[in-house]
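Quick notes on the structure that follows.
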Amino acid sequence: MRRTAGKLADGREIIYFDDSAEAPPRVAVDTRDLPETQPMSEVRLDPLTREWVAMAAHRQTRTYKPPADLCPLCPSTPGRPTEVPEADYDVVVFENRFPSLAQNVPDVPSTVDGEPLFARAPGRGRCEVVCFTSDHNKSFGELSESRVRTVVDAWADRVTYLSTLPGVEQVFPFENRGEEIGVTLSHPHGQIYAYPFVTPRTERMLSAALDYFAEHGRPLFGDVLEAELRAGARVIEESPHWVAFVPAAARWPVEVVLAPRRQVPDIAALSSVERDDFAALYLSVLHRLDALYDRPLPYIAAWHQAPVHAGRDEMWLHLQVFSVLRTKDKLKYLAGSESGEAVWINDVTPEQIAERLRGTHN
């Protein structure tokens, strides 16, 4: 893989990750006349739940479902410059033009309305876009193994760098795919958020891992993985270094976890052979997911990693892939129980969905 960094017209960073050193040099210049970005993000603490909420009103003007010929993530063409100045690319990462979190946000008062109960802070972090291919009509599942390997290396590069930024406490790579998920740009891409706090889900997982280790002296996720392998009923696929399974308490009608057999805190800690192995297994799982309803499955793929400054020895990296599609043409809506009380109700058992996924053709 070859890495080339540059700047866009408004000063944002852009980084090309090429599959090989034989790719053309990345020297194209962004010719757009763009004003420097000035995000106004802030975060506020909900005193009732102790959860941070990001406020980013400037995102209301972000690009929304443009036609394919106006896609800002496609390569630039003569007379139509985009977010990517080059005429072609393999994988590219750049700072989001409409970020929820950014390094250059202004300071804000430490409270809302001067009330100590309502804590407030600048939304200081970073949001990046990761384009997996220059081909607008492809999906992640249609990439080659070598391209997926480049994507993994790009993720690892960004996790390493973003973890060094001032104030960043957690790095979260993810992909949203499909209109049903809420995707506003159909070009195959993902994002990376660098948060100025530890997210609620990670806090809960870390607390559970710490309690379990204190009682048993073993990593919680490792014992979960061993239990899933012993049971076998929910395992979708195995490879030398990874396991794909439907969790025993799956919340979503379609949900698969991909986990390395070795405990590592984040993507950057994966070995070269583990990255190779993941590329092959993940593509196989994505093919199964698309075959489930014989249509492209809308999904969210979320990387759960250890926070930057906590839980490095307790957390276990894993990828959670889930979908809101409960049948070929019916969505699962988060209604009263899920949205109001975070108590999930699944209309299918994990064993049923695992059996169906094992039966799909690769």
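The values are calculated or read from the model by the stated rules, or taken from the named source; none is laboratory data. Worth saying up front: this structure is predicted, and the values here are computed from it rather than measured. Backbone-built Cβ (ideal geometry, glycine too); neighbour counts: all protein chains shown. Each accessible area value is taken on the protein alone, full model and side chains, heavy atoms only, with ligands, DNA and RNA left out. Shrake-Rupley method; radii C 1.70, N 1.55, O 1.52, S 1.80 Å.
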Of the residues in region 300-310 that are assigned to a loop (DSSP other than H, G, I, E, B) and open to solvent by 10 Å² or more (accessible area, probe 1.4 Å), the one that is nearest to Glu274 (Cα to Cα) is Val308
Residue pairs within 8 Å by beta carbon, gap of at least six or interchain, first lying in region 155-166 and outside the structural domain of Ser272 (by the TED database) and in contact (Cβ under 8 Å) with a residue 40 or more places away in the chain, second open to solvent by 40 Å² or more (accessible area, probe 1.4 Å) and assigned to a helix (DSSP H, G or I), listed first then second, are none
Q) Among the residues of region 171-179, is any part of a helix (DSSP H, G or I) and either within 13 Å of the chain's Cα centre (by Cα) or crowded, with 18+ Cβ neighbours inside 10 Å (or both)? A) no
Of those in region 26-48 that are modelled with pLDDT of 95 or more and within 26 Å of Ser110 (Cα to Cα), the residue surrounded by the fewest Cβ atoms within 10 Å (Cβ to Cβ) is Leu48
(1) surrounded by fewer than 16 Cβ atoms within 10 Å (Cβ to Cβ); (2) closer than 18 Å to Val224 by Cβ; (3) not hydrophobic (A, V, I, L, M, F, W, C) all hold for Glu341 apart from (2)
Original post:
In this structure, is His189 at pLDDT 95 or above and surrounded by fewer than 17 Cβ atoms within 10 Å (Cβ to Cβ)?
Top reply: no
Within region 127-165, residues over 23 Å from Leu317 (Cα atoms) and either surrounded by fewer than 19 Cβ atoms within 10 Å (Cβ to Cβ) or modelled with pLDDT under 95 (or both) come out as Asp135, His136, Asn137, Lys138, Ser139, Glu142, Ser144
Checked pairs for region 314-339, first closer than 25 Å to Gly217 by Cα, second surrounded by 14 or more Cβ atoms within 10 Å (Cβ to Cβ) and among the hydroxyl-bearing types (Ser, Thr, Tyr), C-beta under 9 Å and 6 or more apart or across chains, list as Glu314/Tyr212; Met315/Thr202; Leu319/Tyr282
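Identify the residue in region 315-330 that is in a loop (DSSP other than H, G, I, E, B) and farther than 17 Å from Ile267 by Cβ and, among all such residues, is nearest to the chain's Cα centre (by Cα).
Of all residues in region 315-330, those in a loop (DSSP other than H, G, I, E, B) come to 315-317, 324, 328-329.
Then drop every residue that is not farther than 17 Å from Ile267 by Cβ, which leaves 324, 328-329.
Numbers: Val324: 16, Lys328: 24, Asp329: 25 Å.
It comes out as Val324.
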For region 4-25, the count of residues that are buried (at least 20 other Cβ atoms within 10 Å of the Cβ) and more than 19 Å from His189 (Cα to Cα) equals 0
